[in-house]
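The values are calculated or read from the model by the stated rules, or taken from the named source; none is laboratory data. Keep in mind that what you see is a predicted model, and the values were worked out from it rather than measured. Glycine also receives a Cβ, built like all others from the backbone with ideal geometry; neighbour counts cover every protein chain displayed.
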Ligand code: ATP
């Protein structure tokens, strides 16, 4: 079994997509190991997206990610990291609606920034991100 970090971003939570996304998660055979509703502050959002700190969209990204509560989950199944990335679809939700119409970002995202959900992009970032939010969870 593998674990990944999934997050419903502020637009997903405020748009009331949490229950529908959790249904999709369970139907896709993920086990929800941990879940938490939390409000990110500027420092936390900046630290989470530290790899993007030099990008031009970073200040907007931090504003977006702190605009309301997020719903964070640790998901577990075989190939959890790539299976969850596959379910959420491409970063740009506008494109997702055309190329991956059944993806979660096509369902509830809006554009390349407001894309409704997050998923770890590798097993190593999954490990880092799970520890970031759930310091008591031993991964693996
Ligand atoms: P995430 O890491 O949130 O799962 P991702 O891996 O698909 O998304 P990244 O390239 O890691 O995409 O970008 C992180 C986040 O930064 C995106 O999910 C999006 O919210 C925002 N972002 C990425 N590219 C842009 C852009 N060109 N303009 C505005 N925001 C962007």
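Residues that are in a strand (DSSP E or B), crowded, with 17+ Cβ neighbours inside 10 Å and on the phi < 0 side of the Ramachandran plot: does the range 11-23 have at least one? Taking every residue of the range 11-23 in turn, none turns out to be in a strand (DSSP E or B), crowded, with 17+ Cβ neighbours inside 10 Å and on the phi < 0 side of the Ramachandran plot. Is one or more of the residues making up the range 107-120 more than 9 Å from the ligand (Cβ to nearest atom), farther than 18 Å from residue 17 by Cα and more than 14 Å from the chain's Cα centre (by Cα)? Scanning the range 107-120 turns up no residue that is more than 9 Å from the ligand (Cβ to nearest atom), farther than 18 Å from residue 17 by Cα and more than 14 Å from the chain's Cα centre (by Cα). Of the residues making up the range 64-93, those that are out of contact with any helix residue (DSSP H, G or I) (no Cβ under 9 Å at 6 or more places or on another chain) and within 13 Å of the ligand (Cβ to nearest atom) are 82, 85, 86.
Against the numbered list (1) without any contact (Cβ under 8 Å) to a residue 40 or more places away in the chain; (2) in contact with a strand residue (DSSP E or B) (Cβ under 9 Å, 6 or more places away or on another chain); (3) surrounded by fewer than 17 Cβ atoms within 10 Å (Cβ to Cβ), residue 59 comes up short only at (2).
All told, residue 140 meets the bar of being touching a strand residue (DSSP E or B) at 6+ places or on another chain (Cβ under 9 Å), within 19 Å of residue 29 (Cα to Cα) and at pLDDT below 95. For the condition part of a helix (DSSP H, G or I) and surrounded by 14 or more Cβ atoms within 10 Å (Cβ to Cβ), residue 68 does not qualify.
Scanning the range 24-40 turns up no residue that is outside any strand (DSSP E or B), out of contact with any strand residue (DSSP E or B) (no Cβ under 8 Å at 6 or more places or on another chain) and more than 18 Å from residue 108 (Cβ to Cβ). Tell me yes or no: at least one residue of the range 126-136 is within 10 Å of the ligand (Cβ to nearest atom) and over 25 Å from residue 29 (Cα atoms). No.
Suppose the filter is touching a helix residue (DSSP H, G or I) at 6+ places or on another chain (Cβ under 9 Å) and closer than 25 Å to residue 127 by Cβ; does residue 17 pass it? It is false that residue 17 is touching a helix residue (DSSP H, G or I) at 6+ places or on another chain (Cβ under 9 Å) and closer than 25 Å to residue 127 by Cβ.
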